[in-house]
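Visitor: One structure, pasted below without further comment.
Only the coordinates and a few stated rules stand behind these numbers; no lab work does. In this text the structure is predicted, and so the values were computed from the model without any measurement. Cβ placement follows ideal geometry from the backbone for every residue including glycine, while neighbour counts extend to all protein chains displayed.
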Amino acid sequence: MQEDWSLIIRPRRRLLDIDLKALWRYRDLWWMYVKRDIITYYKQTILGPLWFFIQPVFTTVMYMFVFGGLAGISTDGAPQPLFYLSGIMLWNYFSSSFAASSNVFSGNASVFGKVYFPRLVVPLAGLTSNLLKMLIQMLLFIAVYVGYLIAGQSLSINWTLLLFPYYVLLLAFHAMSWGLIVSALTAKYRDLNFLVSFGLQLFMYATPIIYPLSVAGEKYRWVLELNPLTPVFEAFKYGCLGCGSFSWSGLLYSAVFMIVVLFVSVIVFNRTEQTFMDTV
């Protein structure tokens, strides 16, 4: 007697095989991971969600004291709190999304070994939960921005700010694609975790967060422009503060870089997914 199954689970053999339908079927699990990341992370803390605001405020004050005060680094005429907050907000989203994606295999091995679901649910949920956190921090940025406008500060906002969803999309998939490659490598070579965490800290200083690209000068500017995140940070500051620079070619370079790395990351991720339980 022939049996009709409602769901058949087969191993993926093709390295570029992404089951988008399965991701949609498991959207409830996706949302459960998002709620877990947001609610439980600060569940046993006293201040709770206020840490979403405290962390960028303290970081901004430190940057103002060290880089704006002691080092005297220019902000291209933009108010220091807004200049640093804009960079911190975007960098926090990138770094936290990267951390969530780079821990997929080692951090979820116990779950992956017991039940099937599309593994990409985990990094995509990390992107979503960190996006919600960034939107909360954006309220702080908007509040400070409005405060400066009320105080009579002239801020040059322009139409390029409408591309903000595109900037966020680039940051999200840059973080996920890089993180998936790291996750695949650290599933077997745990020592890379220390190297990656150290490298991420150094990479922050190669991104125009605490300084505008203009301070690099012609001698070192091209080095910073090799960083695919540079045009994103510069374009956002240009759109809302009038400082920095906006470059269509830079944004195109960032998008092409992201697509290439995402292509490689999917291949590496799918290949590692088939055998990682033997090494984790």
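Visitor: Would you please name the trypsin sites (Lys or Arg not before Pro) within region 79-162 that are DSSP coil residues with at most 13 other C-beta atoms within 10 Å of their C-beta?
Guide: K114
Visitor: Report the gain in length on full extension from R36 to V215: 0.36 nm times residue separation, minus Cα-Cα distance, nm rounded to one decimal.
Guide: Length gained, R36 through V215: 60.3 nm.
Visitor: Based on DSSP H assignment, which helices of the chain show an axial Cα extent of at least 27 Å together with a mean Kyte-Doolittle hydropathy greater than or equal to 0.5?
Guide: Qualifying helices: 80-101, 121-150, 164-186, 248-273.
Visitor: How many lysine pairs in the chain, separated by 8 or more positions in sequence or lying on different chains, have Cα atoms less than 29 Å apart?
Guide: Taking the chain as the scope, the lysine pair count is 11.
Visitor: Comparing T75, T40, T160, which has the greatest mean-square fluctuation in the GNM of the chain with Cα pairs linked when under 10 Å apart?
Guide: T40
Visitor: While we're on this one: Take the Cα atoms of region 147-280, find their three principal axes, and give me the spread along each one in whole Å, biggest first.
Guide: So the three principal-axis extents are 62, 31, 28 Å.
Visitor: Given a 10 angstrom Cα cut-off, can you work out which residue in V266, V223, V57 is the most mobile in a GNM of the chain?
Guide: V223
Visitor: With unit charges on the beta carbons (Lys and Arg positive, Asp and Glu negative) and the dipole taken about the Cα centre of the chain, which residue among F98, V115, W30 sits farthest to the positive side?
Guide: Final value for the positive-end residue is V115.
Visitor: How large is the direction-averaged shadow of the alpha-carbon convex hull of region 87-135, in nm²?
Guide: Projected over every direction and averaged, the Cα hull of region 87-135 covers 3.3 nm².
Visitor: So, one more: Could you tell me which residue out of L161, M176, F257 lies farthest along the dipole of the chain toward its positive end? Charges go on the beta carbon: Lys and Arg +1, Asp and Glu -1, centred on the Cα centre.
Guide: Comparing the listed Cα positions along the dipole, M176 ranks first.
Visitor: Which value, in nm² and rounded to one decimal, describes the direction-averaged projected area of the C-alpha convex hull of the chain?
Guide: 18.3
Visitor: Which one of S245, S177, S101 has the biggest mean-square fluctuation once the chain is modelled by GNM with Cα springs under 10 Å?
Guide: Greatest mean-square fluctuation among the candidates belongs to S245.
Visitor: Right, next: If you filter region 101-189 for chymotrypsin sites (Phe, Trp or Tyr not before Pro), then keep DSSP loop positions with at most 16 other Cβ within 10 Å, what is left?
Guide: Taking region 101-189 and a limit of 16 other Cβ atoms within 10 Å, the loop chymotrypsin sites (Phe, Trp or Tyr not before Pro) found are Y116, Y189.
Visitor: For region 131-157 and region 175-195, what is the centre-to-centre distance using only Cα atoms, to the nearest Å?
Guide: Result: 35 Å between the Cα centres.
Visitor: How big is the charge dipole of region 47-274 about its Cα centre, in debye rounded to the nearest 20, if each Lys and Arg gets +1 on its Cβ and each Asp and Glu gets -1 on its Cβ?
Guide: 480
Visitor: While we're on this one: Determine, at each q value in 0.12, 0.18 (inverse angstroms), the log₁₀ of I(q)/I(0) that the Debye formula gives when each Cα of region 49-179 is one equal point scatterer.
Guide: -0.57, -1.06
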